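**Q** Supplied in structure tokens, the structure appears directly below.
The values are calculated or read from the model by the stated rules, or taken from the named source; none is laboratory data. A quick note: this is a predicted structure, and the numbers were derived from the prediction, not measured. In this analysis, Cβ positions are derived from the backbone assuming ideal geometry, glycine residues included, and neighbour counts consider all displayed protein chains.
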Amino acid sequence: MAELGLRAIGPADVDAVQELIEADPGYTERITGYPPGAADAQSLLMMRPEGLAEDAKVVLGAFDGEALVAVADLLRGYPKDGTAFIGLLQVHAEHQGRGYGSTTYSLVQQYVESTWPEVRTMRLAVVDTNAEVATGFWERQGFEATGEARPYRYDKLESTARLYEKQLAE
């Protein structure tokens, strides 16, 4: 595996992000009940929880040279100060099973620790319809279930989102 570089995703990267999303339709189907849509990359760059400042969201890409191999969506100070919420970490289908997910997460954690010094907790939710694929991965990254669960709904898809957290070193 080559050395990955992490950088913020910008408007020029939208097509590469869209291609990454479309290359792994199973993920989108497990989370939304639908195949990927034509505006999914644009939505990823723009959507954030109500009341969260625009600059509190960053979408990062893990690049192998010029090739986008993974994308991560991060929210600073969500749902509370001192917390960074991972909304998405998706590896391109052609690169899955090769350690890119773990490497990308490691780079994301380094980004949070060096860029957002107030953050002491990483947090994410695993939707039950994606749990078979995602839970083991996140546990291997050091995340633990908090025991919190929330109803999850996307149009006709109804499931449960289970929250996981990882404490960062002081």
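**Q** Go through segment 62-93 and report how many residues are among the acidic types (D, E) and buried (at least 19 other Cβ atoms within 10 Å of the Cβ).
**A** 1
Quick grid of which residues meet (1) within 21 Å of L6 (Cα to Cα); (2) over 17 Å from the mean Cα position of the chain (by Cα):
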residue	(1), (2)
I86	yes, no
Q110	yes, no
E118	yes, yes
T129	no, no
W138	yes, no
L168	yes, yes
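**Q** Can you run down the residue pairs with Cβ atoms below 6 Å, 6 or more apart or on separate chains, where the first is in segment 154-170 and small (G, A, S) and the partner is modelled with pLDDT of 95 or more and crowded, with 17+ Cβ neighbours inside 10 Å?
**A** From segment 154-170, the pairs are S159/V127; S159/T129; S159/Y152; A161/A125; A161/V127; A161/Y152.
**Q** For segment 28-47, which positions are of a type in the set (S, T, Y) and free of Cβ contacts under 8 Å to residues at least 12 places away in the same chain?
**A** Correct list: S43 only.
**Q** Can you find, within segment 108-133, the residue that is surrounded by the most Cβ atoms within 10 Å (Cβ to Cβ) among those that are within 14 Å of I86 (Cα to Cα) and touching a helix residue (DSSP H, G or I) at 6+ places or on another chain (Cβ under 9 Å)?
**A** In this case the residue turns out to be M122.
**Q** Could you list, in sequence order, the residues of segment 5-28 that are touching a strand residue (DSSP E or B) at 6+ places or on another chain (Cβ under 6 Å), assigned to a helix (DSSP H, G or I) and of a type in the set (V, I, T)?
**A** Passing the criteria: only V17.
**Q** Would you check if there is a residue in segment 48-56 being crowded, with 18+ Cβ neighbours inside 10 Å, touching a residue at least 24 places away in the same chain (Cβ under 8 Å), at negative phi and more than 14 Å from the chain's Cα centre (by Cα)?
**A** No, segment 48-56 contains no residue that is crowded, with 18+ Cβ neighbours inside 10 Å, touching a residue at least 24 places away in the same chain (Cβ under 8 Å), at negative phi and more than 14 Å from the chain's Cα centre (by Cα).
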